[in-house]
1. Looking at 105, 59, which one is touching a helix residue (DSSP H, G or I) at 6+ places or on another chain (Cβ under 9 Å), surrounded by fewer than 21 Cβ atoms within 10 Å (Cβ to Cβ), in a helix (DSSP H, G or I) and at pLDDT below 95?
2. Which is in a helix (DSSP H, G or I) and either loosely packed, with under 13 Cβ neighbours inside 10 Å or free of Cβ contacts under 8 Å to residues at least 12 places away in the same chain (or both), of 133, 33, 93?
3. Only one of these conditions is not met by residue 45: (1) out of contact with any strand residue (DSSP E or B) (no Cβ under 9 Å at 6 or more places or on another chain); (2) over 18 Å from residue 79 (Cβ atoms); (3) touching a residue at least 40 places away in the same chain (Cβ under 8 Å); (4) not in a helix (DSSP H, G or I). Which number is it?
4. Quickly run through the stretch 10-30 and pick out the residues that are at positive phi and either touching a strand residue (DSSP E or B) at 6+ places or on another chain (Cβ under 6 Å) or surrounded by 13 or more Cβ atoms within 10 Å (Cβ to Cβ) (or both).
5. Yes or no: residue 68 out of contact with any helix residue (DSSP H, G or I) (no Cβ under 8 Å at 6 or more places or on another chain) and either under 17 Å from residue 92 (Cβ atoms) or at pLDDT below 95 (or both)?
6. Starting from residues that are in contact (Cβ under 8 Å) with a residue 12 or more places away in the chain, out of contact with any strand residue (DSSP E or B) (no Cβ under 8 Å at 6 or more places or on another chain) and in a loop (DSSP other than H, G, I, E, B), keep the ones in the stretch 62-88 and report whichever is surrounded by the fewest Cβ atoms within 10 Å (Cβ to Cβ).
């Protein structure tokens, strides 16, 4: 089975508790289970990793080379200044989807710039828990088009 790496950055382990008015009441586990269900429907295995440390995410991206056909990444606040994540993604040859539960463009001005977007195949933002399903669907569409 082809696998997708689902990466979640800082504070996403606090989903369901942290700012539910922005991020909703679903927990990180709820998000993972929803994403796994959709991935499995398309015939993908979903491997999940969350860390509050930038270096851990970089290590996961580097280790994904040759192991996963793509990465769906919600880098949290690292989206806006995590240049080491940007550089690690540049060296990754699979599909990359950037995903955010909220719409950073509707929030504080410092959230309006993404260092991940320029190296991603696409970005899914502002759709809450449905963002993971939309990301997997977009991922699948990219893979299917590449195979033809």
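The values are calculated or read from the model by the stated rules, or taken from the named source; none is laboratory data. All figures in this text were calculated on a predicted structure; none of them were measured in a lab. As a convention, Cβ positions derive from the backbone with ideal geometry for all residues, glycine included, and neighbour counts pool all protein chains shown.
1. 105
2. 33
3. Only one criterion is unmet by residue 45, namely (1).
4. 11, 16, 24
5. yes
6. 65
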